[in-house]
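Novice: Before anything else, here's the structure in question.
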Amino acid sequence: MVMAKARAVDGPHQSFRKADIQRRELDKHDVLLEIHYAGICHSDIHTAHGDWGEAHYPLVPGHEIAGIVKEVGSDVTKFQPGDRAGVGCMVESCGSCENCEAGEEQYCLKGNTPTYDGVDKYGEPTQGGYSTHIVVTEDFVLHIPENLPLDAAAPLLCAGITTFSPLNRWQAGPGKKVAVVGLGGLGHMAVKIANAMGADVTVLSQTLNKQDDGLRFGASAYYATKDEETFDTLAGQFDLIINTVSAKININDYLSLLRLDGTLVNVGAPAEPLDVHVFSLIPQRRSFAGSLIGGIHETQEMLDFCAKHEIMPEIEVISADDIDDAYERVQKSDVKYRFVIDTSTL
Ligand code: NAP
Ligand code: ZN
Ligand code: ZN
């Protein structure tokens, strides 16, 4: 067993505390990763607060994990000690259902095993990246390319893949007009990735406060959604809209911005249902879709794409003592654009 230092929370809206957790002995296919950085995703906050249903406490969140391989099991072929590696939102899946076989492990028909707040194949609760070490089967560990610093690479493991996957699937590229709703952790990555794919990108943020950043990330236009005129000006303009907002919004206003056959993909995951009027969809044969992270192969593709295009998240590295403050700030949309915990401070 490896003892890891961690930060855990014991219930909804409680403060983080120091914790020691055990990581399992290495199985033949396991990799022991020394975690250097862990991003703070809004999903960590939804889970810790019980927004999506009661979590299992004590809970160690964190699924944007980057570090260095320390040890590998006897049959591991993809990694060796010293490798730069990452772990994202899932650590196992059945491996044999049709979705796993298609490389879509996130949609495993038996349910993927989330990196935290799940139960692994040994029946043990999974605990995430706000910790110094993690043991994961090699098939769910990613290679982090050399030119991506580990601190900035961490958020790619969730924010990066969650936006890359729908942009890839719905073919954001030259000639496509893409809108990104919400310029937070996911949103700013969506802007950078869609721009690198060659699409024309517009940001729809609550205000114009972050306009300079949005344009710097590669958007060609930036609108405030608090300004009602925005919805008249942009009616029927977009091929694809990626909604990253963590709260309930009037989704019909945004559907009205799609052109014929356009699709709005919701990756934001508020607990409350969104009220979709069918008459927001019918007139222009529009689609309303959802998307969950991405498969392991696609996650590696995303990391390699970001390395090639030199795309990196904008991060603020924090100490473990600042997790509670960071949670407050994320909930106020006061983050530019991802908090990343330096795990040496655990
Ligand atoms: P985040 O950094 O907090 O960004 C969310 C952004 O939404 C904010 O920066 C803000 O952008 C906007 N926003 C927040 N509250 C709003 C409100 N009441 N009305 C309108 N806009 C609002 O969060 P994140 O880490 O990017 O995650 C976003 C959501 O995606 C969360 O719900 C998370 O759980 C979910 N998620 C889903 C997946 C998936 O696989 N589908 C994966 C990861 C995360 P502006 O300031 O620009 O308005
Ligand atoms: Zn996440
Ligand atoms: Zn499966």
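The values are calculated or read from the model by the stated rules, or taken from the named source; none is laboratory data. In this text the structure is predicted, and so the values were computed from the model without any measurement. With ideal geometry, Cβ positions are generated from the backbone for all residues, glycine too; neighbour counts draw on all protein chains shown. Please note that ligands, DNA and RNA were not included when accessible areas were found on the heavy atoms of the full protein model with its side chains. Shrake-Rupley method; radii C 1.70, N 1.55, O 1.52, S 1.80 Å.
Novice: Given R₀ = 35 Å, FRET efficiency for Lys18-Ala271 by Cβ-Cβ distance, to 0.05?
Specialist: My answer for the efficiency is 0.75.
Novice: To continue, here is another question. Dipole of the chain (Lys/Arg Cβ +1, Asp/Glu Cβ -1, origin at the Cα centre): which of Ser246, Val31, Pro166 lies farthest to the positive side?
Specialist: Checking the options against the dipole of the chain, the answer is Pro166.
Novice: Might you tell me the accessible area per residue for the stretch 1-85, computed with a 1.4 Å probe and given in Å²?
Specialist: Dividing the accessible area of the stretch 1-85 by its residue count gives 46 Å².
Novice: Using alpha-carbon pairs under 8 Å, 6+ residues apart, how would you state the relative contact order of the chain in percent?
Specialist: RCO, the chain: 18 percent.
Novice: For Val278 and Lys78, what is the calculated FRET efficiency with R₀ set at 30 Å and r taken between the beta-carbons, to the nearest 0.05?
Specialist: With R0 = 30 Å, the Cβ-Cβ based efficiency is 0.05.
Novice: Something else now. About its Cα centre, how strong a charge dipole does the chain have in debye, to the nearest 20, once Lys and Arg get +1 and Asp and Glu get -1 at the Cβ?
Specialist: With Lys and Arg at +1 and Asp and Glu at -1, about 520 debye.
Novice: Still on this structure: Quick one, can you get me the convex hull of the C-alpha atoms of the chain expressed as volume per residue in Å³?
Specialist: 127 Å³
Novice: To the nearest 500 deg cm²/dmol, what mean residue ellipticity at 222 nm is calculated for the chain from DSSP H runs of n ≥ 4 alone, each contributing -39,500 (n - 2.57), summed and divided by the residues?
Specialist: Rounded to the nearest 500, it is -6000 deg cm²/dmol.
Novice: Would you list Asp83, Asp20 from the most to the least accessible area, probe 1.4 Å?
Specialist: Sorted descending by solvent-accessible area, the residues read Asp20, Asp83.
Novice: Something else now. Per the 1.4 Å probe, what fraction of the accessible area of the chain, in percent, lies on carbon and sulfur atoms?
Specialist: Of all accessible area on the chain, carbon and sulfur atoms account for 47 percent.
Novice: Still on this model: I'd like the accessible area for Val191: 1.4 Å probe, protein heavy atoms, all chains in place, Å² to the nearest 10.
Specialist: Rounded to the nearest 10, that gives 0 Å².
Novice: Please give the per residue volume of the convex hull enclosing the alpha carbon atoms of the stretch 196-294, rounded to a whole number of Å³.
Specialist: 113 Å³
Novice: Only sites in a loop by DSSP and with at most 15 other Cβ atoms within 10 Å count here; which chymotrypsin sites (Phe, Trp or Tyr not before Pro) in the stretch 173-247 make the cut?
Specialist: Sparse-neighbourhood loop chymotrypsin sites (Phe, Trp or Tyr not before Pro): none present.
Novice: Would you mind listing how long the stretch 1-155 runs along its three principal axes, going by Cα atoms, in whole Å with the largest first?
Specialist: 42, 34, 31
Novice: Follow-up. What trypsin sites (Lys or Arg not before Pro) in the stretch 149-246 are in a loop by DSSP, with at most 13 other Cβ atoms within 10 Å of the Cβ?
Specialist: Qualifying residues, ordered by number: Lys226.
Novice: Something else now. Give me the extension gain from His143 to Glu25: residue separation times 0.36 nm, minus the current Cα-Cα distance, reported in nm with one decimal.
Specialist: Extra length from His143 to Glu25 when fully extended: 40.3 nm.
Novice: Treat each spin label as a single point 7 Å out from the Cα along the C-beta direction, and report the Ser96 to Gln171 distance in nm.
Specialist: 3.7 nm
Novice: Once ligands and nucleic acids are excluded and a 1.4 Å probe is used, how much of Cys108 is accessible, expressed in Å² to the nearest 10?
Specialist: In the full protein context, Cys108 sits at about 10 Å².
Novice: In square angstrom, rounded to the nearest 10, how much accessible surface does His29 have for a 1.4 Å probe?
Specialist: The accessible area comes out at roughly 80 Å².
Novice: What base-10 log of the normalised intensity I(q)/I(0) is obtained for the stretch 97-243 from the Debye formula, alpha carbons as equal point scatterers, at q = 0.13, 0.15, 0.17 Å⁻¹?
Specialist: Debye intensities relative to I(0), on a log10 scale: -0.73, -0.89, -1.03.
Novice: If contacts are Cα pairs under 8 angstrom and at least 6 residues apart, what is the relative contact order of the stretch 146-264 in percent?
Specialist: The value is 24 percent.
Novice: Also, I was wondering about something else. Using a 1.4 angstrom probe on the protein heavy atoms only, could you order Tyr116, Tyr107, Tyr122, Tyr57 from most to least accessible area?
Specialist: Tyr122, Tyr107, Tyr57, Tyr116
Novice: Looking at the stretch 220-299, which GluC sites (Glu not before Pro) are DSSP coil and have at most 14 other C-beta atoms within 10 Å of their C-beta?
Specialist: For GluC sites (Glu not before Pro) across the stretch 220-299 that sit outside H, G, I, E and B with at most 14 neighbouring Cβ atoms in 10 Å, the list reads Glu228.
Novice: Using a 7 Å offset from Cα along Cα-Cβ at Asp10, what residues in the stretch 57-83 end up with backbone N under 19 Å from the label point?
Specialist: The answer is 57-61, whose backbone nitrogens lie closer than 19 Å to the label point.
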